[in-house]
Amino acid sequence: MNSSPESTNLLIKTLSTFTKIPVEHIHRDREITELVADSFLLIELMLNLQESLDIALEQEDLEQVHTVGDLLDLLEQRLAGQALAV
Amino acid sequence: MASQLSDNERWMMSFYRYSEITGALFFGRIAALVPAGQLQEDLTKHFADESMHSWYWTEAISELGYRPVSLRNAYQDAYLEAAGLPVNLMEILAITNVFEKRVIGQYSRHLRVPDLNPVIKKTIDRIVEDEKWHIQWINKALKSMADKYGDDTINKKLQKYKKADDEIYGKLLQENQERLQFLFNNTENAGEIRS
């Protein structure tokens, strides 16, 4: 699945802010836990993304999310679902 | 005031202290992140309470003439492994609800230890009052989230986290059986360490 520029940009920018890793070093195939090793930071990241994108995620949604690409696809799916519901 | 305190009691007080610090740090970060409103206010108060509780234990250990034992793992650390990572505020509050009930249960169990040191009793009595409020505000906040997540989802999460907490507590008791035996050396608590 190809993610929209809106969610891609926001996620990459947010990840960069949280991890202090430059945007150009954050790619789809990078492991989330490699970027965000601190569990509390990961919780904060998820809260921040839901707030920024106005979407709701649950614990179970993240069971299959391992990489930045997986997370982008999930966010894209949620945004598309919301657009359909409007 | 120097007072006789067993190594196990000192470890337990240090464990409480470290868990309260871990809780304060977590709630401080969440309180800093949520938008202004009732939830932010309650989370900030909760953070301040946990922080004060860690001080009460530090003060109590010092009052008894000791220093806290250096610890690296708090009770909450095991939660992420057993219960998974909470990713929204409802899940954070549901986990906290279960955790706070465990805290009250643990402190109540400690209060039943025969000939309990008055400094420990005073500290637990002081903390438990705050813990009761923690459960109240969290229950209220969870109710207010029912429109967004649904009662059924919230109840399922509470059940899931309760199961995880039972596992974590059972493991803690097993791993620290000798250390925690003093909590179970009375008729009321007897047998519980095996449950």
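The values are calculated or read from the model by the stated rules, or taken from the named source; none is laboratory data. Keep in mind the model is a prediction, meaning the values are calculated, not measured. Every residue, glycine as well, gets a Cβ built from its backbone with ideal geometry; the counts of neighbours run over all protein chains shown.
Observations on the model:
- For region B:123-148, residues that are part of a helix (DSSP H, G or I) and within 14 Å of another protein chain (Cβ to nearest Cβ) total 3.
- Selection count where residues are within 14 Å of the chain's Cα centre (by Cα) and either assigned to a loop (DSSP other than H, G, I, E, B) or closer than 30 Å to residue B:63 by Cα (or both), scope region B:97-122: 12
- Candidates B:32, B:94, B:83 - the one that is crowded, with 16+ Cβ neighbours inside 10 Å, more than 15 Å from residue B:14 (Cα to Cα) and modelled with pLDDT under 95: B:83
- Subset of region B:31-49 [within 14 Å of chain A (Cβ to nearest Cβ) and touching a His at 6+ places or on another chain (Cβ under 9 Å)]: B:31
- Restricting the first member to region A:43-70 and to residues that are at the interface with chain B (Cβ under 7 Å from one of its Cβ atoms) and in a helix (DSSP H, G or I), and the second to residues that are among the hydrophobic types (A, V, I, L, M, F, W, C) and crowded, with 17+ Cβ neighbours inside 10 Å, the beta-carbon pairs closer than 6 Å and six or more apart or on different chains are A:46/B:87; A:50/A:57; A:59/B:87; A:62/B:87.
- Test: residue in region B:61-69 that is part of a loop (DSSP other than H, G, I, E, B) and either within 14 Å of chain A (Cβ to nearest Cβ) or small (Gly, Ala, Ser) (or both): yes
- Within the span defined as region A:10-22, one or more residues are farther than 30 Å from residue B:24 by Cα and away from every other protein chain (no Cβ under 11 Å).
- Some residue of region A:29-37 being among the hydroxyl-bearing types (Ser, Thr, Tyr), within 14 Å of chain B (Cβ to nearest Cβ), in a helix (DSSP H, G or I) and out of contact with any His (no Cβ under 9 Å at 6 or more places or on another chain): no
- In region B:149-177, residue farthest from the other protein chains (Cβ to nearest Cβ) [restricted to those that are farther than 15 Å from residue B:83 by Cβ and either in contact with a Phe, Trp or Tyr (Cβ under 8 Å, 6 or more places away or on another chain) or not in a helix (DSSP H, G or I) (or both)]: B:176
- Test: residue in region B:103-117 that is of a type in the set (D, E, K, R) and over 22 Å from residue B:181 (Cα atoms): no
- Filter result for the condition that a residue is within 14 Å of another protein chain (Cβ to nearest Cβ) and closer than 13 Å to residue B:131 by Cα, over B:28, B:23: B:23
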